Amino acid sequence: MLEMITNYLKTAWRNILKQRRDSLINLFGLAIGMGSAMILFLVVQHERSYDTFHAEYRNIYRVVTETRFGNDRNYNPGTAFPTADALRMDMPQLRAVVPVFTAGSQINAARQGESGPVDKYSESVVFTTPDFFKLFDGQWLAGSADVLSEPNQAVLDRETATKLFGNWEHALGKPLQLDHAYSVNVGAVVEDAPSNSDFPFHFLISFPTLEAHQETYRYNTADWNHTSSDFQTFILTEPTYAEATLGADLLNLSKKYHHGRGRTSKTWHAQPLRDIHFDTRYGGGFTERMVNRSTLTTLSLIGVFILVMAAINFINLSTAQALSRGKEIGVRKVLGSSRGALISQSLVETFVLLIVALTVACAIVYFAMPHVHHLSELPEGTPLPITTFASFAGMVLVLMTLLSGWYPAWILSAFSPITALKSKINTGRFAGISLRKGLIVVQFALAQLLMIGTFVVVRQLTHLRNADLGFDRESLYIVEVPSDDAVRQRVNTFKQQLLQLADVESVSLANDPPSSPNSWSSNFYFDGVKEDDRIPFHTFLKFTDADYFKTYGLAFAAGRGHRDRENGFEAVVNETMVKKLGIRHAEEIIGRQIAVGSGEWMDIVGVVKDFTPNSLKEAVGPITITNYTDYYYQAGIKLRAHAGKETLDAIAQIYDRLYPEQYFQAQFLDDNIAEFYAQEQKMAVVYRLFAAIAIVISGVGLYGMVSFMLGNKVKEIGIRKVLGASPSSIVYRFSKEFVLTIAIAFCIAAPVAYYFVDEWLSHFVYRIDIGIATFLAVVGLTFLLAMLTVGIQSFRAATANPVDSLRDE
């Protein structure tokens, strides 16, 4: 048995070397196909593995809030501040209830002791309890979770401790100043969370610290009306606690605590930890990294398509190679070789070639992995999971051996000895249709599917980049300004000094720019009447100074902008607000009154034309703009077109002079807006790359098909030439049948592609029309590729010496 296998391996290797050109073509297609599929598999597997490494991940849930207000429905990952205490009291069967409050903080750290130089950082800190580590597994380097039960104590992970103190071992017991208000001591250090964690342990602070500084963070343990994404509640259940039962219990409790409080209906739901990474309604964890499951499905399908196309190439090229092996097969059969032995030998040859191709594919994956983060949401530096990768590679090897090798092996072993010895092999037809042509149809249909998807994605993203958002986003520099009372009095000085710079046109103070991830909304009253059920929708809020409209280029449909006052007594609304209130003309709302939440009545003095407050995936909602200085968190700086680095440096110097204790943070508005579509931009790159790979593999497959066809008709071509046929007529005759092949592939791909791209575009409120031009462009490119491949091969055959082709063996 061993001797037979050894003989098969030797023969396989000799045949591979004998047919170097075809073997290299096969090797190239297989390696590219398998390497691409494995990279996509690693990306998908990494995304699906988020937070599944926690021992209790099946029993961990986040309590989320669904708010209904008339026809409006809002999904919030947070809960009201008293929720955790209520759950502990009313649901004692829960194993743990963990409150998590997230805040952006200014951190001051002295590396050389309190008298040494102070380093400033801006960090997202998380206030929580020791039970946090009952849910999320951590490896302790120093200390334990118990420190989170004591006031003014912090837990850092290795990465943060090293950044703040140079070495994590120097961090333990060291003080850190937060927000210039109080200090905490580093009580413990934990190992960094894995890269597939939505809840890293960068900077955790004990919950008693938050309770001692409630005013600093606007934390109110008695406020049931305010639901913030900053305050989230996690629970740990018994394994026997059914998810449906948990959902019903939370529904009843939310009715108990929220019923009768205001005009909204709030419902609690249990969101499993395993869903947080994918459920875009509620947002992600601490990192805010999320991915749609549909995106992962698309990537998986692309990987399968690429593998199938590579297998089709192998089948076509292997059957084409059979023409040159007729005598070998005939001799083996005459000498008594059984069909099973021939099949085994053919499969061994396939296996050997696949081993070489897999080795090359693994090398491609190894060198590509450091760059994969440019193509996906895979974090930079993610290690290659050796065990998982090896398992997948083994599975691909076995499947590709069977998928790619079985049909050629079956065909080769079926040849009759006499036919094989005369080199008159005809691999026949399958159910009246050439299987090889059918495979080419499948291959080109898959390639066209990817190409259409690529064209549509690129066009949609171009449309988003060039869309009119309703405001000026060019040359706008957004600088974060301190929000605590101790420094607020400096913000106007900061604005005036910025205006002294030659390349600064205007400056506006606000809670955020016109387009941002923020979605601060509230109920409101209109026309001087406070009735709870009169207006069945919320309004988005923006708090700005009077220069906001000029700085961001907002256009008015009626009236003017509000004036600067200490508190908001004037308001501006958008056109959507006017329409939703049932008012026909913008001018008719001027002079009427609006009150937001429990605030004072404000005169409506203007209506701005609709602008895009969030992503273009969402419809524009009703917006109210007023001034309220307590919520000025950003300075929007309109720069002149020729402003350069010197101006940006001057802005930073003014900031450092006025706020020497603060960390300077700034970003261009264009970059901020681009983050809305970061995932789509990376998907566009993925589509481009793998569509190109699909086209290359299709070309290689078509080469195999043409090689087979022309090899089968050598004598026919010779006879036609002897009878006077020109090379051009021969090329035309053998090229035209591929027109039908491409047309059939397009008829299959077009409706499938239309369904999927239309489904993808449905996530955008502002979308392109798919149109027929995209489909015509794809089929045109496919025809061009096919004609180049077929034409070159046919021309070579048509210009060959007919004497050589007609010579009898």
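The values are calculated or read from the model by the stated rules, or taken from the named source; none is laboratory data. Since we're looking at a predicted model, the values are computed, not measured. Every residue, glycine among them, receives a Cβ derived from its backbone with ideal geometry; neighbour counts consider all protein chains shown. Note: accessible area is taken over every heavy atom of the protein model, side chains too, but ligands, DNA and RNA are not part of it. Shrake-Rupley method; radii C 1.70, N 1.55, O 1.52, S 1.80 Å.
Restricting the stretch 526-551 to residues that are open to solvent by less than 20 Å² (accessible area, probe 1.4 Å) and not in a loop (DSSP other than H, G, I, E, B), which is nearest to Gly606 (Cα to Cα)?
Here is the first cut: in the stretch 526-551, the residues open to solvent by less than 20 Å² (accessible area, probe 1.4 Å) are 526, 535, 537, 539, 541-542, 544-545, 548-549, 551.
Cutting the leftovers down to not in a loop (DSSP other than H, G, I, E, B) gives us 526, 539, 541-542, 544, 548-549, 551.
Details: Phe526: 15, Thr539: 16, Leu541: 15, Lys542: 14, Thr544: 14, Tyr548: 13, Phe549: 11, Thr551: 17 Å.
The qualifying residue nearest to Gly606 (Cα to Cα) is Phe549.
Which numbered condition in (1) without any contact (Cβ under 8 Å) to a residue 12 or more places away in the chain; (2) under 30 Å from His642 (Cα atoms); (3) not charged (D, E, K, R) is the only one that Gln489 fails?
(2)
When the stretch 490-506 is examined, which residues are found to be assigned to a strand (DSSP E or B) and either surrounded by 22 or more Cβ atoms within 10 Å (Cβ to Cβ) or of a type in the set (S, T, N, Q) (or both)?
Across the stretch 490-506, the qualifying residue is only Ser506.
Return the residue satisfying two criteria in turn: it lies in the stretch 209-224 and is surrounded by fewer than 16 Cβ atoms within 10 Å (Cβ to Cβ) and not aliphatic (A, V, I, L, M), and of such residues it is nearest to the chain's Cα centre (by Cα).
So, considering only residues that are surrounded by fewer than 16 Cβ atoms within 10 Å (Cβ to Cβ) and not aliphatic (A, V, I, L, M), the one nearest to the chain's Cα centre (by Cα) is Arg218.
Would the stretch 178-187 turn up any residue that is acidic (Asp, Glu), at positive phi and in contact with a Ser or Thr (Cβ under 9 Å, 6 or more places away or on another chain)?
Scanning the stretch 178-187 turns up at least one residue that is acidic (Asp, Glu), at positive phi and in contact with a Ser or Thr (Cβ under 9 Å, 6 or more places away or on another chain).
Return the residue satisfying two criteria in turn: it lies in the stretch 39-74 and is out of contact with any Ser or Thr (no Cβ under 6 Å at 6 or more places or on another chain) and among the hydrophobic types (A, V, I, L, M, F, W, C), and of such residues it is most open to solvent (accessible area, probe 1.4 Å).
Per the criteria, the residue is Ala55.
Picking from Val331, Val352, which residue would you name as being open to solvent by 10 Å² or more (accessible area, probe 1.4 Å) and either among the charged types (D, E, K, R) or modelled with pLDDT of 65 or more (or both)?
Testing whether each residue is open to solvent by 10 Å² or more (accessible area, probe 1.4 Å) and either among the charged types (D, E, K, R) or modelled with pLDDT of 65 or more (or both) leaves just Val352.
Do you know which residues across the stretch 38-79 are farther than 25 Å from His269 by Cβ and touching a Phe, Trp or Tyr at 6+ places or on another chain (Cβ under 9 Å)?
Within the stretch 38-79, Met38, Leu40, Phe41, Leu42, Gln45 meet the criteria.
Only one of Asp503, Asp527, Asp547 is on the phi > 0 side of the Ramachandran plot and among the acidic types (Asp, Glu). Can you tell me which?
Only one candidate passes the filter, namely Asp527.
Could you check His170 against (1) open to solvent by 50 Å² or more (accessible area, probe 1.4 Å); (2) within 34 Å of the chain's Cα centre (by Cα) and say which number it fails?
(2)
Could you tell me how many of the residues in the stretch 605-629 are open to solvent by less than 60 Å² (accessible area, probe 1.4 Å) and closer than 17 Å to Ala546 by Cα?
10
Among the residues of the stretch 632-663 satisfying the criterion of being aliphatic (A, V, I, L, M) and in a loop (DSSP other than H, G, I, E, B), which is most open to solvent (accessible area, probe 1.4 Å)?
Out of the qualifying residues, it is Ala641.
Please go through the stretch 147-167 and give me each residue that is touching a strand residue (DSSP E or B) at 6+ places or on another chain (Cβ under 8 Å), open to solvent by 50 Å² or more (accessible area, probe 1.4 Å) and of a type outside the set (Gly, Ala, Ser), ordered by number. Walk me through how you get there before you give the answer.
Step one: filter the stretch 147-167 for residues touching a strand residue (DSSP E or B) at 6+ places or on another chain (Cβ under 8 Å), giving 147-158, 160-161, 163-165.
So of that shortlist, the ones also open to solvent by 50 Å² or more (accessible area, probe 1.4 Å) come out as 149-152, 158, 163.
Once the filter is applied, which keeps residues that are touching a strand residue (DSSP E or B) at 6+ places or on another chain (Cβ under 8 Å), open to solvent by 50 Å² or more (accessible area, probe 1.4 Å) and of a type outside the set (Gly, Ala, Ser), the stretch 147-167 yields Glu150, Pro151, Asn152, Arg158, Lys163.
In the stretch 175-206, what residues are aromatic (Phe, Trp, Tyr) and in contact with a helix residue (DSSP H, G or I) (Cβ under 7 Å, 6 or more places away or on another chain)?
Within the stretch 175-206, Phe203 is the sole residue that qualifies.
Could you check the stretch 82-103 and list, in sequence order, the residues that are in a loop (DSSP other than H, G, I, E, B) and either among the basic types (Lys, Arg) or over 25 Å from Thr287 (Cα atoms) (or both)?
Met91, Pro92, Gln93, Leu94, Arg95
Wholly within the stretch 168-284, which strands (runs of 3 or more DSSP E) include no fewer than the required count, namely at least 1 residues that are free of Cβ contacts under 8 Å to residues at least 60 places away in the same chain?
182-190
Here are some residues: Ile719, Ile742, Ile748. Which one is modelled with pLDDT of 80 or more, assigned to a helix (DSSP H, G or I), farther than 25 Å from Tyr677 by Cα and open to solvent by 60 Å² or more (accessible area, probe 1.4 Å)?
Numbers: Ile719 fails: modelled with pLDDT of 80 or more; Ile742 fails: open to solvent by 60 Å² or more (accessible area, probe 1.4 Å).
When all the criteria are applied, what remains is Ile748.
Sort out which residues of the stretch 585-603 are open to solvent by 70 Å² or more (accessible area, probe 1.4 Å), at pLDDT 90 or above and in a loop (DSSP other than H, G, I, E, B), and write them in order of number.
If the condition is that a residue be open to solvent by 70 Å² or more (accessible area, probe 1.4 Å), at pLDDT 90 or above and in a loop (DSSP other than H, G, I, E, B), then His585, Arg592 are the ones that fit.
Output the residue which, of all residues in the stretch 557-584 that are of a type in the set (S, T, N, Q) and either surrounded by fewer than 16 Cβ atoms within 10 Å (Cβ to Cβ) or assigned to a strand (DSSP E or B) (or both), is farthest from the chain's Cα centre (by Cα).
Among residues in the stretch 557-584 that are of a type in the set (S, T, N, Q) and either surrounded by fewer than 16 Cβ atoms within 10 Å (Cβ to Cβ) or assigned to a strand (DSSP E or B) (or both), the one farthest from the chain's Cα centre (by Cα) is Asn567.
Pull up the stretch 188-208, narrow it to residues that are of a type in the set (Gly, Ala, Ser), at pLDDT below 95 and open to solvent by less than 30 Å² (accessible area, probe 1.4 Å), then point me to the one that is farthest from Tyr121 (Cα to Cα).
Pass one, the stretch 188-208, residues of a type in the set (Gly, Ala, Ser): 188, 193, 195, 197, 206.
After this cut, where a residue has to be at pLDDT below 95 as well, the list is 193, 195, 197.
Checking the rest, the ones that are also open to solvent by less than 30 Å² (accessible area, probe 1.4 Å) come to 193, 197.
On the way: Ala193: 21, Ser197: 23 Å.
Here the residue is Ser197.
Can you tell me how many residues within the stretch 128-146 are open to solvent by less than 30 Å² (accessible area, probe 1.4 Å) and of a type in the set (S, T, N, Q)?
Number satisfying all stated conditions: 2.
Filter the stretch 509-525 down to residues that are open to solvent by less than 10 Å² (accessible area, probe 1.4 Å) and of a type in the set (A, V, I, L, M, F, W, C) and give me whichever is modelled with the lowest pLDDT.
In this case the residue turns out to be Phe524.
Hey, among the residues in the stretch 447-484 that are touching an Asp or Glu at 6+ places or on another chain (Cβ under 8 Å) and closer than 20 Å to Leu639 by Cα, which one's least open to solvent (accessible area, probe 1.4 Å)?
Leu476
Just to be sure before I move on: is Ser36 hydroxyl-bearing (Ser, Thr, Tyr), touching a helix residue (DSSP H, G or I) at 6+ places or on another chain (Cβ under 8 Å) and open to solvent by less than 50 Å² (accessible area, probe 1.4 Å) in the structure I sent?
When the stated conditions are applied, Ser36 passes them.
For Pro77, which of the numbered conditions (1) open to solvent by less than 50 Å² (accessible area, probe 1.4 Å); (2) at pLDDT below 85 fails to hold?
Only one criterion is unmet by Pro77, namely (2).
Within the stretch 299-311, is even one residue farther than 23 Å from Ile32 by Cβ, open to solvent by 10 Å² or more (accessible area, probe 1.4 Å) and either modelled with pLDDT of 70 or more or assigned to a loop (DSSP other than H, G, I, E, B) (or both)?
No, there is no match, as no residue in the stretch 299-311 is farther than 23 Å from Ile32 by Cβ, open to solvent by 10 Å² or more (accessible area, probe 1.4 Å) and either modelled with pLDDT of 70 or more or assigned to a loop (DSSP other than H, G, I, E, B) (or both).
Kindly list, by first and then second residue, each pair from a residue in the stretch 748-764 that is in contact (Cβ under 8 Å) with a residue 24 or more places away in the chain and closer than 23 Å to Ala619 by Cα to a residue that is surrounded by 14 or more Cβ atoms within 10 Å (Cβ to Cβ) and of a type in the set (Gly, Ala, Ser), limited to pairs with Cβ atoms under 7 Å and residues at least 6 apart or on different chains.
Taking only residues 6 or more apart or on different chains, the pairs are Phe756/Gly453; Val757/Gly453.
Return the only residue of Ile16, Ile32 being assigned to a helix (DSSP H, G or I), at negative phi, among the β-branched types (Val, Ile, Thr) and at pLDDT below 75.
Ile16
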